[in-house]
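What follows is calculated from the coordinates using simple rules that are stated; it is not laboratory data. Worth saying up front: this structure is predicted, and the values here are computed from it rather than measured. Neighbour counts are summed over all protein chains in view; Cβ atoms, including those assigned to glycine, are modelled from backbone coordinates with ideal geometry.
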């Protein structure tokens, strides 16, 4: 990315980081997740939106740069500053820093997220489904863990279900984006599954075309995702009632993406499966019943091995932080966004004029 391009990119993101801008990033990045998030009570939706904004921008930093070593060093430096209580002058960092502090989110969780982004930058290959789940745990299970802590989850088994829901969603994304990923030289399908179907992964990346054999691999991946969706359903009862509809709708909307892929013969090379707006609205309406009723608690499942380290990392936080009432959460989040909105205008003026109290290291190139 050129110097002027990097500056324009950051200036655009700076203008986005009022509350409405954070929601805009969510809407643009994941329409399904955004639709589900609208069901969250505001006192939970606000910190979740700040979390998503930070995750979205760090992911974009990786995707928009051709100097990955420098970008990853910068992102780790920014994360360290957040946990030291001195976030850099980005509204996403500042908002996330307050979420981190208020909910005592363990550093290991966003650090694992950055590790997953680094795996993308490295073009890592995944030989087995377990390795694909290791990747999914980092780029999506971490978000599930942090959201669960924000919602007040304090049961390790329930946290495991939240992480597994994140992995299931990532497997669905992989199944949906086979063609788009291949166009970027990436393949997240298990290589041993491809080889078992007589497909050479490198040949597929060189000439991405759909075949019945590839469809069987995609179908198998969706079966794995559906198993995790089933496990995740059992964690709904551990959530506050007001949060259940959002999570249930997210789970069912993402599962519907898999059903749409199946309807298209598991061909996600020539087509990108999309759930219609009407179907999303139906799922949102159906999910409202979970406010009153939710699946029975079922603690019997051991955590998926890929997410065990996330559960372990969150245990100190779960043990030391007392659950907060919705009114507690509302008060400090109102203060947060009043503070951010008050600072947005003068910061934007400073950035536009080329002056800043704390220049970002990459602003120079």
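Of the residues 276, 237, the one with the fewest other Cβ atoms within 10 Å heads the list, and the complete ranking is 276, 237. Applying 1/(1 + (r/R0)^6) with R0 = 51 Å to the Cβ-Cβ distance of residue 242 and residue 196, what FRET efficiency is obtained, to the nearest 0.05? Efficiency computed from Cβ-Cβ geometry: 0.65.
When 1/r is averaged over all different Cα pairs and the result inverted, which Kirkwood radius in Å belongs to segment 107-320? Result for segment 107-320, one decimal place: 17.7 Å. Full extension of the segment from residue 122 to residue 276, taken as 0.36 nm per residue of separation minus the current Cα-Cα distance, would add 52.0 nm.
Computed from the Cβ-Cβ distance with R0 of 35 Å, the FRET efficiency linking residue 219 to residue 302 stands at 0.85.
Taking 1.002 mPa s as the viscosity and 20 °C as the temperature, the Stokes-Einstein diffusion coefficient of segment 122-211 based on its alpha-carbon Kirkwood radius rounds to 151 µm²/s. Summarising the label geometry, the points placed 7 Å from Cα in the beta-carbon direction at residue 73 and residue 203 lie 4.2 nm from one another.
The residue 180 and residue 288 beta-carbon pair, evaluated with R₀ = 35 Å, returns a calculated FRET efficiency of approximately 0.60. Put in order of Cβ neighbour count within 10 Å, fewest first, the listed residues 187, 163, 133 become 187, 133, 163.
Model label points for residue 66 and residue 264, set 7 angstrom from Cα along the Cα-to-Cβ axis, are 3.0 nm apart. Residues 151, 146, ranked from the fewest to the most other C-beta atoms within 10 Å, line up as 151, 146.
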